[in-house]
Amino acid sequence: MTDTVDQLVRARAEEHGDKPMVIDPDRRVSYAELDETTRALAAAFIEAGVTKGTRVGLIRSEEHTSELQS
């Protein structure tokens, strides 16, 4: 069985926790933070009625990224 993205992220978060996953000049994101953000995104999709097979378009903006991290 192929792991889903959320399963892979969660497994790495459990393994690496607060270690940085993404490092750029302005910000660091830990494995745990990415896991928290993907869980929030998944919850928002479920609340919006998204089910398996539903096509979803994503637009990334700083405003929405901040909302997910709140």
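How many residues does the range 13-27 contain that are at pLDDT 90 or above and either of a type in the set (Lys, Arg) or open to solvent by less than 90 Å² (accessible area, probe 1.4 Å) (or both)?
Within the range 13-27, residues that are at pLDDT 90 or above and either of a type in the set (Lys, Arg) or open to solvent by less than 90 Å² (accessible area, probe 1.4 Å) (or both) number 5.
Which of the residues spanning the range 37-54 are of a type in the set (Val, Ile, Thr) and open to solvent by less than 50 Å² (accessible area, probe 1.4 Å)?
37, 38, 50 - these are the residues of the range 37-54 that are of a type in the set (Val, Ile, Thr) and open to solvent by less than 50 Å² (accessible area, probe 1.4 Å).
Residues that are more than 15 Å from the chain's Cα centre (by Cα) and modelled with pLDDT under 90: does the range 28-51 have at least one?
The answer is no, given that none of the residues of the range 28-51 is more than 15 Å from the chain's Cα centre (by Cα) and modelled with pLDDT under 90.
With in a helix (DSSP H, G or I) and exposed (fewer than 13 other Cβ atoms within 10 Å of the Cβ) as the only criterion, which of 8, 34 stands out?
Only one candidate passes the filter, namely 8.
Condition test on residue 60, is it at pLDDT below 90 and in a helix (DSSP H, G or I)?
The answer is no for residue 60.
Are any residues in the range 1-16 over 14 Å from the mean Cα position of the chain (by Cα) and not charged (D, E, K, R), and if so, which ones?
1, 2, 16
The values are calculated or read from the model by the stated rules, or taken from the named source; none is laboratory data. Note that the structure is a prediction, hence the values are computed from the model and not measured. As a convention, Cβ positions derive from the backbone with ideal geometry for all residues, glycine included, and neighbour counts pool all protein chains shown. These area figures cover heavy atoms from the full protein model, side chains too; ligands, DNA and RNA do not enter into them. Shrake-Rupley method; radii C 1.70, N 1.55, O 1.52, S 1.80 Å.
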